[in-house]
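Read the structure below first, then the notes.
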Amino acid sequence: MSRNDLRARDLVRRYGGLTAVENVSMDVPRGQITGLIGPNGAGKSTLFSLLTGVEQPDGGKVLLGQRDITRMSPDARSRRGLVQTFQVPSLFPSLTVGDNLLVAAENRRRDYAGGLLGLKARGRASALAVVDEVLDSLELADIRGAVAGTLPTGALRLVEFARALCARPDVLLLDEPASGLDAAETDRFSALVRRIADDGVAILLVDHDVDLVFAVVDQVYAMVGGRVVAEGAPDVVRNDPTVRSVYLAQGPLASKSTSAPPPGGVSPPNGVSPPLPQPAFPAAR
Ligand SMILES: Nc1ncnc2c1ncn2[C@@H]1O[C@H](COP(=O)(O)OP(=O)(O)OP(=O)(O)O)[C@@H](O)[C@H]1O
């Protein structure tokens, strides 16, 4: 493990009698994209919140490099290089794209010591240089002056991604980053994520678009019922019997709309769905 890898060790989170995350361990190494998949209710969002610091675990640890960050606030984690994007972009709607990014660049860690884009913190001029470079590198320079609140979803998601990059992360946690993107935007986004990982950033990608996850990640963790049921290379996890049974039971590997319980159906305890028997004939009316 290098200096800024993110690791979870034996994380547990309970809500009353329900264990949403049960003894989950995970490595998110630098220079790689790590995926997290699972059906609705599997515990992905809860685990994500434990990593960002929005939620506190009932057991286990979160480590950034050698440092135990389990009890640190989200802001403190962010200053140490653990940066997240949000399902609902966290931009100031009345500010321009450029000003939104400038706020993020100026709030970056003071102790940043190089890395992404090779720039160091040196006040506003440096912040502007970071914004210029991120806008150029994401080909967003032409919307620098646009007011964020007026942008369509695809552009907003890219600007949210740019905002996170302006904080110059070592670890980037992406929560449903491709939601609302069309196919071309998703392709463009995937290529960008790969480039950022190649620059040495550790990336965790949580998305309902399992095809996107399998296409872009180096390794993937599959959760069901609060537990990791499979981990490893995409092909290994895709062919894991438990993963196959869960997703085959819920339709194709699996969009949000196809992974909901069937009409009138009830989610089984801890979200585990047994494979559904396939009828040989249409059901009698
Ligand atoms: N604040 C909460 N209070 C009580 N139960 C919760 C809370 N947050 C999550 N849960 C429960 O914990 C379990 C895991 O939920 P979580 O949202 O982490 O799953 P998920 O994999 O992110 O699901 P989805 O894909 O639908 O977002 C679910 O059974 C959920 O109902």
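Tabulated values for the structure
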read-out: Close pairs (8 angstrom Cβ cut-off, 6 or more residues apart or separate chains): near the ligand (Cβ under 10 Å from one of its atoms) in the stretch 46-57, basic (Lys, Arg) anywhere; value: Thr46/Arg13; Leu47/Arg13; Leu50/Arg13; Glu55/Arg13
read-out: Failed condition for Ala146, given (1) buried (at least 20 other Cβ atoms within 10 Å of the Cβ); (2) farther than 25 Å from Arg77 by Cα; value: (1)
read-out: Filtered residues of the stretch 69-80 (kept if at pLDDT 90 or above and surrounded by fewer than 20 Cβ atoms within 10 Å (Cβ to Cβ)); value: Ile69, Thr70, Arg71, Met72, Ser73, Pro74, Ala76
read-out: Positions within the stretch 215-230 being more than 16 Å from the ligand (Cβ to nearest atom) and either of a type in the set (Lys, Arg) or surrounded by 19 or more Cβ atoms within 10 Å (Cβ to Cβ) (or both), in sequence order; value: Val216, Val217
read-out: Residue satisfying condition, being in contact with a strand residue (DSSP E or B) (Cβ under 6 Å, 6 or more places away or on another chain) and in a helix (DSSP H, G or I), within set Ala191, Ala215, Ala164, Ala155; value: Ala164
read-out: Long-range neighbours under 8 Å by Cβ, at least six apart or interchain, first residue within 19 Å of Gln56 (Cβ to Cβ) and of a type in the set (A, V, I, L, M, F, W, C) within the stretch 24-36, second at pLDDT 95 or above and assigned to a loop (DSSP other than H, G, I, E, B); value: Val24/Gly43; Val24/Gly226
read-out: Restricting the stretch 160-206 to residues that are over 15 Å from the mean Cα position of the chain (by Cα) and surrounded by 22 or more Cβ atoms within 10 Å (Cβ to Cβ), the residue that is nearest to the ligand (Cβ to nearest atom); value: Ala167
read-out: Test: residue in the stretch 12-21 that is at pLDDT 95 or above, basic (Lys, Arg) and within 16 Å of the ligand (Cβ to nearest atom); value: yes
read-out: Test set (1) part of a loop (DSSP other than H, G, I, E, B); (2) within 20 Å of Leu205 (Cα to Cα); (3) in contact with a Ser or Thr (Cβ under 9 Å, 6 or more places away or on another chain) - Pro57 fails condition number; value: (2)
read-out: The listed residue being within 22 Å of Thr34 (Cβ to Cβ), of a type outside the set (D, E, K, R) and surrounded by fewer than 17 Cβ atoms within 10 Å (Cβ to Cβ), out of Val54, Val62, Val88, Val83; value: Val54
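The values are calculated or read from the model by the stated rules, or taken from the named source; none is laboratory data. The model shown is predicted, which means the values in this text are computed figures rather than measured ones. Quick reminder, even Gly has a Cβ in these numbers, built from the backbone with ideal geometry, and neighbours come from all protein chains shown.
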